[in-house]
Structures are given as structure tokens and as C-alpha cells.
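For reference, the structure is listed below as C-alpha cells.
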Amino acid sequence: MAKFNQPLGGNEMPRFGGPATFMRLPTQPDAGGLDVAFIGIPMDHGTSNRSGTRLGPRQIRDESRMLRPYNMATGAAPFDHLQVADIGDVPINTFDLKKTVDIITDYYDGILAQGAIPLTMGGDHTLTWPILRAIRKKHGPVALIHIDAHADINDTMFGEKVAHGCPFRRAWEDGCLINDKVFQIGLRGTGYAAEDFNWARDKGWTVVQAEACWHRSLVPLLDKVRRVIGDAPVYLTYDIDSLDPAFAPGTGTVEPGGLSTWQAFEIIRGAAGLNLVGGDLVEVSPPYDPSGNTALIGANLLYEMLCALPGVPRPDRVDPVF
Ligand code: MN
Ligand code: MN
């Protein structure tokens, strides 16, 4: 008998059956007794271009049925060490974005009070700001690893302060971030002015544009990230549009020239050893993801976040054989 919740295995129930929870884990109504809670935030009323991320949590859960419990690359066996469940979705107000961000903060106050680390399935990127507000109340300002094609630091969009292009400006205003420990990785595309990325640099954040990542391993970058962040609490937010659309076309705000899936693995695996206090995977838009591959990659990246959390030993590394 296992000590902790286990994902339902493919030899116990066919992969296309069973509960539609993340990795077919048990579900429960709140985060009581959990080390880690998977939560969905089914929203897309913060998006600026193509919508559809309201369906992201369901599709990520569905595609997560392929995931097995043991990480062949890192040796992580998270379900041997952490109590994990899928606690369902945040009951957002789909007619009111401003009410929605307050609902999210209240909801995460509850999860954090119960001592669980939240791993969130989005939903559009607006949701990270209200989560960071709750995180700040519990942990104080945090370091941030933000992987995205976009900086998401607009002051306003269409005159509005709450939108998926504004969360890190709002988080900065609210004192949620340790400015010299913020890393934005994968930024690219067309802009309005150089200021679009330089605002962050002026605040002391490290901006790693996508072109600096081309043709390279990101292991050395993450070595630096870990050195700079040290023991500080850190939040990891992964916008699926950081990936090149050749890998992850199923999203609303597509920019070519992005990261590869193996670079995404290097980033998240490279965050192991940090004091991770939460993470999210946002902007999967199932209507633009007919193959399901974008959601499947999203599910895998959430699993990698789970494997990178404190309390999960990582006994093995793949030895380079050439
Ligand atoms: Mn984003
Ligand atoms: Mn983006």
C-alpha cells in the first residue's frame, strides 16, 4: 500500500478511461493534508487576441493521462515523497475579470493557509498576478522565473489595468517581486518600442530574449539563475507561448522563433534545488490545438514542475555518453 496518493496507472485502467483529473490523481474539495495541489483556473477573459484558454485546464487534465509517475531523466519519483491531489477549478466569474482576480487571490489564500504548494493549470496569464498577491501574504516578495514570448508588463491594455499582458507590472506595483531575482526567458517578436522589454531591465530584472537561447543548451543559464536566487522563495510561471509554434501552436498569441521542448525541460529541471513555492502553466488554448499536442506538452511541463519541488530527491542524472 502506497503511503501517498498515486496517479491511476495504465495497467489498472486504460489510459483513455478513469477520472479526468491531472494524471488521474484522486480529487478532494480543498488542499487539506496536501503537500501539492493541482488547480485549474478556467478563464480567458484576460486574453487580447485568440481566446479559448478557458478550456485549458480540462484539456491539460485529459492529455495528462499519458504521464507515468517516474521521471526517467532526473530520477524524480514525486509520488513517493509528496501528497498530491487535483482539487478542481477556481469558481471564477466569467462575466467579470476584476471580480475574478479577487476570487483567485481569496482562493489561493485558502490553499496556502492549508500548507499546500499550488501548481496551476490556466487559463490566461492574467491569473498569475492574483496568485502572486496571495503568495506575497504568505512568503513575502518572491523571486520569479517567467518563461514567455511576451514580457506581460504593460501598464494598461485598451485602457485596462487587468489583462493577460499586465500581470507582472501589477505584481511589481504590489511589491510581490524581489527585483534582482526576476528572470524573464524567451521574450521575442514585434513590439511597439524597445521600452517593451527595457522597462523590466530598468527595474533590475534579467531579460533573456529568445534569440540568446537559439541553438544552445539552457543548463548554464539555469546554473546562473540558481546562483542568483539562492534560498529565496521562488515562483515559476510558464506561458506555453514561450515555445516555438512548431511545438505548441495551440495558444492565442503566437510568436515564431521560440524555445524548444528540450529547452523547456532544461529550464524547469534546472529549477530543482530552489525553494519553489508555486508554479503555473498558462495560455493553452484547446480550440487552436486540434492534435492535443500543446496541452500534452503543458501537462508534461506541470509534471516537471512537480518533480522539481523541494522534498523530491533527484538521485540520478542522465550521464552524457558522448
Ligand atoms: Mn504571458
Ligand atoms: Mn505570452
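Treat the count of other C-beta atoms within 10 Å as a stand-in for reagent exposure and order LYS181, LYS99, LYS161 from fewest to most. Please report the intermediate quantities before stating the final value.
Working: LYS181 21, LYS99 12, LYS161 15.
If I rank by nearby Cβ atoms, fewest first, I get LYS99, LYS161, LYS181.
For the range 186-228, what percent of Cα pairs sit more than 15 Å apart? The partial results should precede the final answer.
On the way: 462 of 903 pairs.
Everything past 15 Å amounts to 51 percent.
For the chain, what's the relative contact order in percent, using C-alpha pairs closer than 8 Å and at least 6 residues apart?
Details: 735 pairs, mean separation 69.7, N = 322.
Value for the chain: 22 percent.
Could I have the simple spin-label model distance between ALA77 and ASN275, label points 7 Å from Cα toward Cβ, reported in nm to one decimal?
Each label point is offset 7 Å from its Cα along the Cβ direction, giving 2.9 nm.
Among LYS203, LYS98, rank each residue by its count of other Cβ atoms within 10 Å, from fewest to most, as a rough exposure measure.
Values: LYS203 15, LYS98 11.
Ranking LYS203, LYS98 by Cβ neighbours within 10 Å, fewest first, gives LYS98, LYS203.
Using Cα pairs closer than 8 Å and at least 6 residues apart in sequence, work out the relative contact order for the range 89-135, in percent.
Numbers: 35 pairs, mean separation 19.0, N = 47.
Dividing the mean separation by the residue count of the range 89-135 yields 40 percent.
Please report the equivalent ellipsoid semi-axes of the range 58-182, computed as sqrt(5 x eigenvalue) of the Cα gyration tensor, largest first, in whole Å. Kindly include the intermediate steps, with their values, before the conclusion.
On the way: eigenvalues 144, 63, 52 Å².
After scaling each eigenvalue by five and taking roots: 27, 18, 16 Å.
How far apart, in nm, are two points set 7 Å out from the Cα along the Cα-to-Cβ line at ASP202 and at ARG68?
Modelled inter-label distance: 5.2 nm.
Against the empirical 2.2 N^0.38 Å scaling, what ratio does the C-alpha Rg of the range 1-71 come to? Kindly include the intermediate steps, with their values, before the conclusion.
Details: Rg = 14.3 Å, N = 71, 2.2 N^0.38 = 11.1 Å.
Normalised Cα radius of gyration, the range 1-71: 1.29.
Please compute the alpha carbon radius of gyration of the chain, then divide it by the globular-protein estimate 2.2 N^0.38 Å. Two decimals is fine. Display every interim value, and only then the final one.
Details: Rg = 18.1 Å, N = 322, 2.2 N^0.38 = 19.7 Å.
Output field value: 0.91.
Out of CYS176, PRO78, TRP262, whose Cα points farthest toward the positive end of the dipole of the chain (charges: +1 Lys, Arg; -1 Asp, Glu; placed on Cβ)?
The residue sitting farthest along the positive end of the dipole is PRO78.
Report, in whole Å, the centroid distance computed from the Cα atoms of the range 175-232 and the range 1-38.
When both Cα centres are located, 35 Å separates them.
Once the Cα gyration tensor of the range 90-148 is found, what semi-axes does its equivalent ellipsoid get, as square roots of 5 times the eigenvalues, in whole Å, sorted largest first? Walk me through the intermediate numbers first.
Working: eigenvalues 67, 43, 21 Å².
Ellipsoid semi-axes (Å, largest first): 18, 15, 10.
If you rank ASP244, ASP89, ASP124 by fewest surrounding Cβ atoms within 10 Å, what's the result? If you can, show how the numbers build up before the last one.
Working: ASP244 21, ASP89 17, ASP124 31.
Lowest count first: ASP89, ASP244, ASP124.
For the range 246-316, what does the relative contact order come out to in percent, with C-alpha contacts under 8 Å and a separation of six or more?
On the way: 68 pairs, mean separation 33.2, N = 71.
For the range 246-316, the relative contact order is 47 percent.
Given points 7 Å out from each Cα along the Cα-Cβ axis, report the GLN6 to ALA20 separation in nanometres with one decimal.
With each label point 7 Å from Cα toward Cβ, the separation is 2.6 nm.
Based on DSSP H runs of at least 4 residues, each adding -39500 (n - 2.57), what is the mean residue ellipticity at 222 nm of the chain after dividing by all its residues, to the nearest 500 deg cm²/dmol?
Numbers: 9 runs with 92 residues, N = 322.
Value at 222 nm, helices only, nearest 500: -8500 deg cm²/dmol.
For the range 59-74, take each phi angle, set θ = phi - 60°, evaluate the Karplus expression 6.51 cos²θ - 1.76 cosθ + 1.60, and give the result in whole Hz per residue in order, putting x for glycine and proline.
Using θ = phi - 60°, the values come out as 6, 4, 4, 4, 6, 5, 5, 6, 6, 10, x, 9, 8, 5, 7, 9 Hz.
Might you report the magnitude of the Cβ-based charge dipole of the chain about its Cα centre, with Lys and Arg at +1 and Asp and Glu at -1, to the nearest 20 debye?
Dipole of the chain, to the nearest 20 debye: 520 debye.
Read the figures in this text as sums done on the coordinates, not as results from a lab. In this text the structure is predicted, and so the values were computed from the model without any measurement. FYI the Cβ positions are ideal-geometry reconstructions off the backbone, even for glycines, and counts take in every protein chain you see.
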